[in-house]
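Worksheet: the structure to be examined is printed underneath.
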Amino acid sequence: MDQYVVLWVAAAITILAVVVIAKTAVVVPQQSAYIVEMLGKYSRTLSAGFHILIPFVERIAYKHSLKEQAVDIAEQVCITKDNVQVGIDGVLYLQVLDPARASYGIADHTFAISQLAQTTLRSEIGKIDLDRTFEERATINANVVSELDKASEPWGVKVLRYEIRNINPPEDVLQAMEKQMRAEREKRAVILNSEGERDAKINQAEGDKQRVIKASEAARQQQINEAAGEAEAILAVARATAEGLKVIGEAVNGQGGLEAMQLRIAEDYVRQFGHLARNANTLVVPANLSDVAGMISLATRVFGDGKPPAPDKTPAPVVPHPTGLAS
């Protein structure tokens, strides 16, 4: 019997030791902080690691996570400056920096900050019109964070940022905004079309101007080139004529040149006279028509001294043309 009593006492002591160890040995996880109270009064803050508490004297009163936390802010109805009701919800990001103040500064810092975020958001939305609420999201978020950070500093909590998630205007306002956006898009389309037509006409006019300028420049250059070509041709003919005359002069002054010139003059005389008789109905012939030698002698004297002889004043006889018409 005594043995059973000893066993029961030993078991009780073992159980009591296990309970005491469980109550006094504390392991704090990483990025966490535990608040220890001694007889109901704040004692110390336990950081990550293994700790031993005084049995039945110290206890863990509060446990805080030092990680950044995301708190959902429920949707609420806000009234804009132009008296339009919109539903807005968001997300708040905060972090506990001082676990002791977060434990004893306020009962529930998460609930307090979320409520304060809603009231601050309503105040900020009431300062702007509905159209600006979509444009000024960054400004609204910054103002909310600034106000919450000031209020949460005594609680040992840092508000890192606030983000508006949704802005839900009433259905009739959405329809009006959609019509306005559609009208604005149509207006921009008309403006873009008109600007495109204007640019096209300007480009076409500029092209016509450049075409006329290029055509005039081409015509001018063509005239210059033609004039230059004609000048070159005239100069070439003149040079060729001068060279020919020079060669003829040298040939005449050479041996047998005078006789060759006389023969050429006689041939040309006869040829030209034959053309004259063929093309005209009436002609005047000189008195010495049969004196070809005299004509050659006359041309020879012209080449010889460069002075023509005195003209013959003997009247020329009238010779009938083969067609029967009298001169």
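The values are calculated or read from the model by the stated rules, or taken from the named source; none is laboratory data. Predicted, not measured: the structure shown is a model, and the values here were computed from it. Every residue, glycine among them, receives a Cβ derived from its backbone with ideal geometry; neighbour counts consider all protein chains shown.
Just wondering, is there one or more residues in the stretch 66-76 that are polar (S, T, N, Q), touching a residue at least 24 places away in the same chain (Cβ under 8 Å) and out of contact with any strand residue (DSSP E or B) (no Cβ under 6 Å at 6 or more places or on another chain)? Yes, the stretch 66-76 contains a residue that is polar (S, T, N, Q), touching a residue at least 24 places away in the same chain (Cβ under 8 Å) and out of contact with any strand residue (DSSP E or B) (no Cβ under 6 Å at 6 or more places or on another chain).
Among residues belonging to the stretch 56-76 that are in a loop (DSSP other than H, G, I, E, B) and in contact with a helix residue (DSSP H, G or I) (Cβ under 9 Å, 6 or more places away or on another chain), point out the one that is modelled with the highest pLDDT. Checked the stretch 56-76; the qualifying residue modelled with the highest pLDDT is Leu66.
One line per residue, one yes/no per condition, for (1) part of a loop (DSSP other than H, G, I, E, B); (2) touching a residue at least 24 places away in the same chain (Cβ under 8 Å); (3) surrounded by 14 or more Cβ atoms within 10 Å (Cβ to Cβ); (4) in the same structural domain as Leu97 (by TED's automatic domain parsing):
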{"site": "Val19", "(1), (2), (3), (4)": "no, no, no, no"}
{"site": "Lys23", "(1), (2), (3), (4)": "no, yes, yes, no"}
{"site": "Gln30", "(1), (2), (3), (4)": "yes, no, no, no"}
{"site": "Ala33", "(1), (2), (3), (4)": "no, yes, yes, no"}
{"site": "Val36", "(1), (2), (3), (4)": "no, yes, yes, no"}
{"site": "Tyr42", "(1), (2), (3), (4)": "no, yes, yes, no"}
{"site": "Ile54", "(1), (2), (3), (4)": "yes, yes, no, no"}
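If you go through the stretch 116-140 and pick out every residue that is of a type in the set (S, T, N, Q), under 19 Å from Tyr93 (Cβ atoms) and either surrounded by 20 or more Cβ atoms within 10 Å (Cβ to Cβ) or in contact (Cβ under 8 Å) with a residue 24 or more places away in the chain (or both), you end up with 2. Considering the stretch 94-111, the residues that are among the aliphatic types (A, V, I, L, M) and in contact with a helix residue (DSSP H, G or I) (Cβ under 7 Å, 6 or more places away or on another chain) include one that is surrounded by the fewest Cβ atoms within 10 Å (Cβ to Cβ), namely Ile106.
When Val91 is tested against (1) without any contact (Cβ under 8 Å) to a residue 60 or more places away in the chain; (2) of a type in the set (A, V, I, L, M, F, W, C); (3) surrounded by fewer than 17 Cβ atoms within 10 Å (Cβ to Cβ), exactly one condition is not met: (1).
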